[in-house]
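One structure is given below, encoded as structure tokens.
What follows is calculated from the coordinates using simple rules that are stated; it is not laboratory data. These figures come from a predicted structure and were not determined experimentally. Neighbour counts run over all protein chains shown; Cβ positions are idealised from the backbone, glycine included.
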Amino acid sequence: MSIPEEFTPAAIEASSVNAFRPYREFLKSGEPYVSIFLNNMWLNPPKADAALEWGKGWYYDTTVARKHAYWKNIELPEATRDIAQMRHDLHEWGYCLIEDGLSQAQCSRMRHRIAEQAAAERDLGIAYVVASQQHVWALVNKGADFRGCLEHNQGSVQAGPLIERLLDETLGPGWNHFSLLSNISFPGCHPQPMHQDQTFIAPYNPLEAPVLVNTMYVLQDVNQVNGGTLFIPGSHRPNGRGGQNGLYGELPRPINLEAKAGTILMFDGRMLHGSAVNHSDEFRYVLTNSCVKSWIREQKNFILTMSPEALASASTKLLWRLGFQSSITSNLTEGYGYQGTGKMGDLNGSVAEIRRAFDAGDYRHVGEISPASVAGLGPDVFTLQGIQRANETFRTPEFLAQMATLGVRP
Ligand SMILES: [Fe+2]
């Protein structure tokens, strides 16, 4: 068989020189980071093995807002229980602070649990530690309160319904969890490079609304000493020439987060931030829970990460939020889920059913088949058959009869 010349790699390569490529410039633009770093050289992060420099104006050499030369005269969001104020703060400044979002009991329970977990992971040699922090991933399997946070259950997070409302209003209903982890700044750690949490869509930088909102649970008092998170208020909006062109100009300097234990910080996925240097002798613990538009692939592969034990006790709400509901555009398994709505509890797209079948250890996929090869096979040769029978509500006797009328044709 001879392949037409135009389809050969060499011909395609040759035809690509000086070709019409309308998206190339945008896709290679490196925005929003090119304009951010070009106009704010002090944001360049230190190399992982370099000593930190103080008194030279680097982004990590800062303090809390009330002590900051620039920010102390500007009215910034303060911790509040007033959701009306939070809506304005989140929109105007890219963040809001929920006062006593966790009760002190909830806060200390979670801090104790995460400290113990983090130490055990270090002891085992399985911890994920980078220059700026230790990450404890997969909290869905590591404590009932963490699952409670993912459900916004008030037994674990007393401000849960308020957080959920702000997420609904900012991301639109039906959002999913992207991740829930602990970020632990250890004594002497490096600062993290300043970033947007929704960097995964760069160079797209939507001006209208974020596609990610992060909820940070502050588990002890934080400040400029122990590594209160660095962030630039208002940086969720580009401020380059023309204002609305998506480019960044000169930015004000970051501040350290100053917040009491139990405070919850919610911030826009476009706001520039990064973990700070911890100058204290103690670990600094926070949890971060990013939530995203449901069409975004989760950072955690919850479908593989979730333990059978956590799966067995998971509520339909938790499964929904973790991406265990298929819809026409996501998480179809062998086609099952195509008629799912993506809504909570819809059995037409329940990935949990698939996962349970996998856990049972005898999942059998539909492969290459023919009418001859399936003639006489029973109703449970392939796992999909049973899953369809149990869950696909449209697969009625009438539907099956109608499908049979199509018959076998060449
Ligand atoms: Fe981040």
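How would you rank Tyr60, Tyr217, Tyr336, Tyr363, going from fewest to most other Cβ atoms within 10 Å of each one's own Cβ? Before the final figure, lay out each step's value.
Details: Tyr60 25, Tyr217 30, Tyr336 22, Tyr363 17.
With the sparsest Cβ surroundings first, the list reads Tyr363, Tyr336, Tyr60, Tyr217.
Helix 83-93 versus the longest principal axis of the chain: what is the Cα-based angle in degrees, 0 to 90, to the nearest 10?
80 degrees
Short version: ³J(HN,Hα) in whole Hz for each residue of region 231-237, in order, from phi by Karplus 6.51 cos²θ - 1.76 cosθ + 1.60 (θ = phi - 60°), x for Gly and Pro, what are they?
7, 10, x, x, 7, 6, 10
With 10 angstrom as the radius, rank Leu377, Leu97 by how many other C-beta atoms surround their C-beta, starting from the fewest. Before the final figure, lay out each step's value.
Numbers: Leu377 11, Leu97 25.
Least to most surrounded, the residues fall as Leu377, Leu97.
Using the charge dipole of region 43-292 (Lys, Arg: +1 at Cβ; Asp, Glu: -1 at Cβ; taken about the Cα centre), state which of Gly246, Tyr60, Leu124 has its Cα farthest towards the positive end.
Positive-most Cα among the choices belongs to Tyr60.
Calculate the spin-label point distance for Ala14 paired with Asn39, positioning each point 7 Å from the Cα along the beta-carbon direction, and give it in nanometres.
4.6 nm
Just need log10 I(q)/I(0) for region 1-63 at q = 0.13, 0.27 Å⁻¹, Debye formula, equal scatterers on the alpha-carbon atoms, no solvent, rounded to two decimals.
Once normalised to I(0) and log-transformed, intensities are -0.63, -1.13.
Using the Karplus equation 6.51 cos²θ - 1.76 cosθ + 1.60 (θ = phi - 60°), what ³J(HN,Hα) coupling, rounded to whole Hz, does each residue of region 301-317 give in order, writing x for Gly and Pro?
Here the 3J(HN,Hα) series is 7, 4, 5, 9, 6, 5, 6, x, 5, 5, 5, 4, 9, 6, 6, 5, 5 Hz.
How compact and how long is region 100-194, expressed as Rg and Dmax of its alpha-carbon atoms in Å?
Rg, Dmax (Cα atoms, Å): 14.8, 42.
As a test of the formula, what do you get for the chain when each DSSP H run with n ≥ 4 contributes -39,500 (n - 2.57) and the sum is divided by the residue count, at 222 nm and rounded to the nearest 500 deg cm²/dmol?
Numbers: 14 runs with 117 residues, N = 410.
Roughly -8000 deg cm²/dmol at 222 nm, from the helical runs in the chain.
For region 251-312, what are Rg and Dmax over the alpha carbons, in angstrom?
In order Rg, Dmax, the Cα atoms of region 251-312 give 16.2, 49 Å.
Around Val64, which amide H atoms from residues at least 5 apart in sequence, or from another chain, sit under 5 Å from its own amide H, with H modelled in the peptide plane?
Gln224, Asn256
Based on a Kirkwood Rh over C-alpha pairs, give the Stokes-Einstein translational diffusion coefficient of region 275-408 at 25 °C and viscosity 0.890 mPa s in µm²/s.
On the way: Rh = 17.5 Å.
Result for D is 140 µm²/s.
With angles folded into 0 to 90 degrees, how steeply does helix 104-124 sit against the dominant principal axis of the chain? Use alpha carbons for both and round to 10.
Result, in degrees: 70.
What is the Cα radius of gyration of region 32-105 over 2.2 N^0.38 Å, N being its residue count? List each step's numbers first, then the result.
Values: Rg = 16.6 Å, N = 74, 2.2 N^0.38 = 11.3 Å.
Rounded to two decimals, the normalised Rg is 1.47.
Given H placed on each backbone N at 1.01 Å, which residues far from His236 in sequence or on other chains put an amide H within less than 5 Å of it?
Leu272
Neighbouring Cβ atoms within 10 Å as the yardstick, rank Val130, Val34 fewest first.
Working: Val130 12, Val34 15.
Fewest-to-most Cβ neighbours within 10 Å comes out as Val130, Val34.
Over the C-alpha atoms of region 43-292, what are the Rg and the largest Cα-to-Cα span, Dmax, in Å?
17.2, 53
Could you derive backbone 3J(HN,Hα) for region 335-346 from the dihedral phi with the Karplus parameters 6.51, -1.76 and 1.60 (θ = phi - 60°), listing whole Hz in sequence and x where the residue is Gly or Pro?
With the stated coefficients, region 335-346 comes to x, 5, x, 4, 9, x, 8, x, 8, 4, x, 6 Hz.
Under a point-charge model restricted to the Cβ atoms of Lys and Arg (+1) and Asp and Glu (-1), what is the dipole moment magnitude of the chain relative to its Cα centre, in debye to the nearest 20? Each step should come with its number before you reach the end.
Working: 35 positive and 42 negative charges, 44 e Å.
The calculation lands at about 220 debye.
Just to be sure I understand: with springs between alpha-carbon atoms less than 10 Å apart, which residue in Ser290, Ser185, Ser280 has the highest mean-square fluctuation in the Gaussian network model of the chain?
Ser280
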